[in-house]
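Quick notes on the structure that follows.
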Amino acid sequence: QVQLVESGGGLVQPGGSLRLSCAASGVTFSTYVMKWYRQAPGKERELVAGIASTGGNTIYASSVKGRFTISRDNSKNTVCLLMTNLNRENRAVYYCSIPRKNYWGQGTPVTVSS
């Protein structure tokens, strides 16, 4: 059974940082592109960042480029999203995904508020 379990969300002040993690099981993790998506209240789910199976290539939404960093550790079956200089527009539920297989985690909420 495939499981993607996100963690690390929470409440952070504007300008602060959070590190999200996603632990995968039941899947050959190292063979798949991994992506982080988010869904803000009242909005469509959108791509935040993606990373190639080997970790060599990454992509970012323009709104987060330079502030967010995606990384992966294939030895631990984990993918992380380091988010810095957060602002209120970054409030959303963040999901990790294996898009090729349409696998999704349950999401972890991020709230940015003073």
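Based on the alpha-carbon gyration tensor of the stretch 63-105 and its eigenvalue square roots a ≥ b ≥ c, which shape applies: rounded if a/c is under 1.5, prolate if not and a/b is larger than b/c, or oblate?
In terms of gyration-tensor shape, oblate.
With +1 assigned to the C-beta of every Lys and Arg and -1 to the C-beta of every Asp and Glu, and no other charges, what is the dipole magnitude of the chain about the Cα centre in debye, to the nearest 20?
It works out to roughly 100 debye.
Would you mind counting up the charge near Thr111? Only other residues with Cβ under 11 Å from its Cβ, with Lys and Arg at +1 and Asp and Glu at -1.
So the surrounding residues net to +2.
For Gln39, what charge total do you get from the other residues with a beta carbon under 9 Å from its beta carbon, if Lys and Arg give +1 and Asp and Glu give -1?
Charge balance in the 9 Å sphere: +1.
Which ³J(HN,Hα) values, rounded to whole Hz and listed in residue order, are derived for the stretch 50-63 from phi using the Karplus coefficients 6.51, -1.76 and 1.60 in 6.51 cos²θ - 1.76 cosθ + 1.60 with θ = phi - 60°, glycine and proline given as x?
So the J values, rounded to whole Hz, are x, 9, 5, 4, 8, x, x, 10, 9, 9, 9, 5, 4, 6.
Mind checking the full-extension length gain between Ala52 and Ala23? Use 0.36 nm per residue of separation minus the Cα-Cα distance, one decimal, nm.
Additional length available on full extension: 8.8 nm.
Which residues' amide hydrogens lie under 5 Å from the amide hydrogen of Gly107, considering only partners 5 or more residues apart or on another chain, with H built in the peptide plane?
Those qualifying (amide H under 5 Å, at least 5 residues apart or on another chain) are Glu6, Cys96.
Can you compute the FRET efficiency between Glu44 and Ser114 using 1/(1 + (r/R0)^6), with r the Cβ-Cβ distance and R0 = 22 Å? Round to the nearest 0.05.
0.25
Remind me, what semi-axes does the stretch 1-90 give for its equivalent ellipsoid, largest first in whole Å, using sqrt of 5 times each Cα gyration tensor eigenvalue?
Semi-axis lengths for the stretch 1-90 are 23, 14, 13 Å.
Note the full-extension length gain between Val5 and Trp104 as 0.36 nm times their separation in residues minus their Cα-Cα distance, in nm to one decimal.
In short, 34.8 nm is gained.
Which of the cysteines found in the chain have nothing to pair with, since no other Cys Cβ lies under 4.7 Å from theirs?
Lacking a cysteine Cβ partner under 4.7 Å: Cys80.
Around Tyr95, what is the net charge, scoring Lys/Arg as +1 and Asp/Glu as -1 over all other residues with Cβ under 10 Å from its Cβ?
Cβ neighbours under 10 Å give a net charge of +2.
Rule-based calculations on the coordinates, nothing more; no lab input. Note that the structure is a prediction, hence the values are computed from the model and not measured. Here the Cβ is made from the backbone with ideal geometry for all residues, glycine too, and neighbour counts use every protein chain on show.
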